[in-house]
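Asker: Just passing along the structure, written as structure tokens.
The values are calculated or read from the model by the stated rules, or taken from the named source; none is laboratory data. Quantities reported herein were computed from a predicted structural model and do not represent experimental measurements. Here the Cβ positions follow ideal geometry from the backbone for every residue, glycine too, while neighbour counts run over all protein chains shown. Please note that ligands, DNA and RNA were not included when accessible areas were found on the heavy atoms of the full protein model with its side chains. Shrake-Rupley method; radii C 1.70, N 1.55, O 1.52, S 1.80 Å.
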Amino acid sequence: MGEKRPRILVIDDGLTYARVVARHLPEYELVAAGEPAEAPRIEDGPAALDYLARHGRDVDVILLDLKFDVPQERLLPLEEGADLRRTRRFQGVAILREIRKRHPEMPVVLLTSQADLSLAELAEDLASQSMTYFLDGDDLDSLRIRINAAVQEASQPVEENGMLWGRSPGMRAVRRRLSVLAQGRMPAILEGETGTGKSYLAQRFLHAHSGRTGPFVTVDLGTVPPDLVAAHLFGATRGAYTGAVADRKGVFELADQGTLFLDEVQNIPLDVQKQLLLVLQDRRVRPLGSSREKNVDVKVVAASSMPLARAVAEGRFRRDLYMRLSPATRVVIPPLRERPEDLPFLARRLTELAGAQEETASLRDRVGQAVGIAPGTPMTLQIESDGGERGAGVMLLLPTPTWRLLAEHSWPGNVRELAMVLHNLVTFTLVEAADVLRAGLPLKSPRLQVDPGLVATLLTGYAALPDSRPDASAGAATEDPLRCEVTLVAGETLNDVSNGAERQYFLALFRRTKGDFRQMARLLLGDADRERAVRLRFNQLGLKVRELRGWMSCGPWR
Amino acid sequence: MARKRRAQSGKATAGESGTKERSASRRYRPDEMLDLLGDLQHDLGKYVRLPLTMLPPGADWDEVRTALRHALLETRSGPDGTVPARVLWTLFLARVGNRLSSLPSWRVLEAAVERALAWESELGGDEPLPRDDIERDLSAISGAIQGLRLEVAAHG
């Protein structure tokens, strides 16, 4: 039996697109709504909303036209004062708004090119919507690619088995790549700054999705003395070296049938790198002092906090070993500062997790019970200016100025640092609330406002630490927000590289101009009036303006 | 005053080339024309093109003929049934009249529509059809409409 085909609902008063999908895109299934039977579609907004209310779960992606020449009674209102002609012309916008209210995660492909909207101020409204895509071309491949991208993106979870992916295109790309790399025995290289979650991803995703039956074994090669690395990796017999009082198994042997995670792999001494290369090629290890080789079946995941290609260029890492690990399998985990749109989501979830830890849960429940909250109810975080995320539990309230402090921080320790800061905020805030109760004073509200001074102190403490980022030594990368890093990697297309660099650049530009598109257009194109071109490029790069602006509205730049 | 009268009458004397263009712009309301051209772009420009451009690369000539039929005879579908490209064009002409006829881009559009509609004569046959030529001619309408929109906007 074949795999289930993604289901498409066409909302269009015309037949063209439904016919195209029915005739030429057999990999998709048109949901059986409306007429004609060979190319079913729904012809107006009210009927579409009614269908989605009843069968929304049967739809994977919507194709939505913009202009609807249908009778007035079958039109949704567009905006106050819009005449019939305008309401018809932009009816797709009105339908999309209603779909977003009722089905925020439903992917929608607008069957119009951005050029068609060049005269419409509604283009920005559309471009900034999550899960909303423009059809950029009018050929079959463009349609297929756009539908596929929408389906793929929609099917990716924001959170999965404890992994907090978020919605940023960078992390979605990481997940897609890891899903492929988890299959089979091929090695993988994970690169990313400290705290980006390389070890966690290796164990909880790559190993967990590999189907391998052996254990996950991790070794931090930054902490193993150089003269013991070989014994640690390959094992040793008694007396093989001074202090080897008994036979010991190496991590390759321990990880047989499983996954071996070599953290900070760039620290392996050059002479051991040669041995490692042979093990990877032959899949046999020979413990130090032994004449016998042992077969091992291990999936190797190598992690580095610096680009391994640079270590190769500097002569600290063997080129042949690098090629054996296969640069094509390299995955770069983006630093937190490059995915600001994920910060509110991460902050909320990490607050909840911090409140559930053993040492804080009892405090949380003590405070919660004082205001009538049942024990075990999860903590929530409310970002004042954001307005969202109200929960039933004890709530940590971040006033706008306090959130700004977090938003403008560069997070050199990445998600690990964010988790630590939130853990401290949760603990300190709960302790203060518990002290109030201990003093016999009442707590009237479950909303506990975070002390801005505490946030500043915590962030200053981290900022005082030496920056571990690869490019941080000269300080130039952090001081110049428009600096981008481009690393050429085999297997990536020029387009991938170009888009990645461009995305970094646009994010930095967005920050620098405080989201002012006219200013961006002036800087980029020398003409402030060409802001629309900049907006459209943002959309093409997957930068959702509304999300960035939402984050920025409570961030430091406004 | 004399100049104003000449402009209103649509006539221009020799040596007044700038005035000739301006006179054309005074014969219509640009906003209204841009609206009409926007509708034409969607209804005719887009939908006369799509059935062909959306064909897979290896489509056989029978599929090309079906797509051509959809493009020219079932261009727009609505509650009142399907509307052919020729009717869409005629309706547009009735709305616009000759108000844009003095603009250079108007001629380009007229010629593009004429070339595209001429393919109707091939619908009844059973000979292989030149897909590339058809696609080029049907797609030209969209470009011509866009050119006219730009000219109207510039003169407005």
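Asker: In the full protein assembly as shown, how much of A:D256 is accessible to a 1.4 Å probe, in Å² to the nearest 10?
Answerer: The value for A:D256 is about 50 Å².
Asker: If you don't mind, another one. How large is the accessible surface of A:R284 in square angstrom, using a 1.4 angstrom probe and rounding to the nearest 10?
Answerer: Here the accessible area works out near 100 Å².
Asker: Under 5 Å between amide hydrogens, which residues at least 5 positions from A:V10 or on another chain qualify, with H placed 1.01 Å from N in the peptide plane?
Answerer: A:V31, A:I42, A:L63
Asker: How large is Rg over Rh for the range A:217-306, taking Rg from the Cα atoms and Rh as the Kirkwood inverse mean of 1/r across Cα pairs?
Answerer: 0.94
Asker: Would you kindly find the accessible area of A:K294, with a 1.4 Å probe and non-protein molecules such as ligands, DNA and RNA excluded, rounding to the nearest 10 Å²?
Answerer: My reading of the accessible area for A:K294 is about 80 Å².
Asker: Let me ask another. Long-range amide H contacts for A:F134: which residues qualify at under 5 Å (H placed 1.01 Å from N, peptide plane, sequence gap of 5 or more or a different chain)?
Answerer: A:L110
Asker: Still on this structure, please answer the following. Search the structure for amide H atoms under 5 Å from the amide H of A:L448, placed 1.01 Å from N in the peptide plane, and list their residues when 5 or more places away or on another chain.
Answerer: Correct list: A:M395, A:L396, A:L397.
Asker: Tabulate in residue order the Karplus-calculated ³J(HN,Hα) for the range A:353-358, using 6.51 cos²θ - 1.76 cosθ + 1.60 with θ = phi - 60°, rounded to whole Hz; enter x for Gly and Pro.
Answerer: 3J(HN,Hα) across the range A:353-358, in whole Hz: 5, 5, x, 9, 6, 3.
Asker: Just to confirm the number: angle between the C-alpha axis of helix A:452-463 and the first principal axis of chain A, 0 to 90 degrees, nearest 10?
Answerer: 50 degrees
Asker: What does the convex hull of the Cα atoms come to per residue for the range B:28-155, in Å³?
Answerer: In the range B:28-155, the Cα convex hull volume per residue is 103 Å³.
Asker: What range in chain A is the longest one free of GluC sites (Glu not before Pro) that are in a loop by DSSP and have at most 10 other Cβ atoms within 10 angstrom?
Answerer: A:315-558
Asker: So what are the ³J(HN,Hα) numbers for the range B:132-140, from phi and the Karplus equation (6.51, -1.76, 1.60; θ = phi - 60°), rounded to whole Hz, Gly and Pro as x?
Answerer: Result, ordered by residue: 4, 5, 5, 4, 4, 5, 6, 6, 5 Hz.
Asker: Roughly how big is the B-A contact, given as buried accessible area in Å² (both sides, 1.4 Å probe, nearest 100)?
Answerer: Chains B and A together bury approximately 2200 Å².
Asker: Under a Cβ-Cβ cut-off of 12 Å, what is the net charge of the residues other than A:L49 that fall near it, where Lys and Arg count +1 and Asp and Glu count -1?
Answerer: Here the count lands on +3.
Asker: Once Rh is set to the Kirkwood radius over Cα pairs, what Stokes-Einstein translational diffusion coefficient, in µm²/s, holds for chain A at a temperature of 4 °C and a viscosity of 1.567 mPa s?
Answerer: Roughly 48 µm²/s, to the nearest whole number.
Asker: Here's another thing I want to ask about it. Could you give each residue of the range A:444-449 its phi-based ³J(HN,Hα) in whole Hz, using Karplus coefficients 6.51, -1.76, 1.60 with θ = phi - 60°, and x for Gly or Pro?
Answerer: Karplus values, whole Hz, x for Gly and Pro: 9, 9, x, 8, 9, 7.
Asker: What do you reckon, how do A:D139, A:D263, A:D342 stack up by accessible area (1.4 Å probe), largest on top?
Answerer: The most accessible residue leads, giving A:D139, A:D263, A:D342.
Asker: Helix-derived [θ] at 222 nm for chain A: sum -39500 (n - 2.57) over DSSP H runs of at least 4, divide by residue count, nearest 500?
Answerer: About -12500 deg cm²/dmol.
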